[in-house]
Amino acid sequence: MAKAYLIVEVETTDPELMAKYREGTPAAIARYGGKFIVRGGATQTLEGGWAPPRIVVIEFPSLQKAKDFYACPHYKPLLEMRMKAGKSKAVMVEGVPE
């Protein structure tokens, strides 16, 4: 079975609210077997002029687990908080079979 990744580009406009969001996400992610692979950190643009302010990558055991997490009632209020605290773009991608 292939793992899956939730990749989010985040631009924070309300640091206080985003800090609250960040406090709540680890437990919600763990409920679905997810773990942070990247949570901010330095970036270096290599191609295309893409300069994301912050990147987050979360690994899940499967694409279904990633979908379940994103749609779950535990994450919904956190997602709403993130949407109010900044601008973001998100994608899910299935990894290569193991």
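Brief remarks follow.
- Solvent-accessible heavy-atom area per residue, rounded to whole Å², over the chain at 1.4 Å: 64 Å²
- Full-extension gain in nm, Leu46 to Val93, via 0.36 nm per residue minus C-alpha separation: 14.8 nm
- Computed helical MRE - 222 nm, the chain, DSSP H runs ≥ 4 contributing -39500 (n - 2.57), nearest 500: -11000 deg cm²/dmol
- One decimal place: the segment Thr13-Ile37 gains 6.3 nm when fully extended, by the rule 0.36 nm per residue minus the C-alpha distance.
- Charge context of Gly86, other residues only, Cβ under 12 angstrom, K/R +1, D/E -1: +2
- Exposure check, 1.4 Å probe, all protein chains in place: Met81 carries approximately 50 Å² of accessible surface.
- For the range 1-48: rounded, prolate or oblate by the Cα gyration tensor [a/c cutoff 1.5]: oblate
- Between Ala30 and Lys84, the simple label model (points 7 Å from Cα in the Cβ direction) yields a spacing of 2.5 nm.
- Applying the criteria of a DSSP loop state and at most 12 other Cβ atoms within 10 Å to the GluC sites (Glu not before Pro) of the range 45-89 yields Glu47.
- In this simple spin-label approximation, Ala71 and Glu23 carry label points 7 Å from Cα along the Cα→Cβ vector, and these lie 3.1 nm apart.
- Selected from Val10, Ser88, Ala30, residue furthest toward positive end of dipole (the chain; charges at beta carbon): Ala30
- Calculated from backbone phi, Karplus (6.51, -1.76, 1.60) coupling profile of the range 79-93 in Hz, x at Gly/Pro: 4, 4, 5, 4, 5, 6, 8, x, 10, 8, 10, 9, 9, 10, 9
- Portion, in percent, of the accessible area of the chain that falls on carbon or sulfur, probe 1.4 Å: 56 percent
The values are calculated or read from the model by the stated rules, or taken from the named source; none is laboratory data. All values derive from a computational prediction rather than experimental measurement. Cβ atoms come from the backbone with ideal geometry, glycine included; neighbour counts cover every protein chain shown. Surface areas here come from the heavy atoms of the whole protein model, side chains and all, with no ligands, DNA or RNA. Shrake-Rupley method; radii C 1.70, N 1.55, O 1.52, S 1.80 Å.
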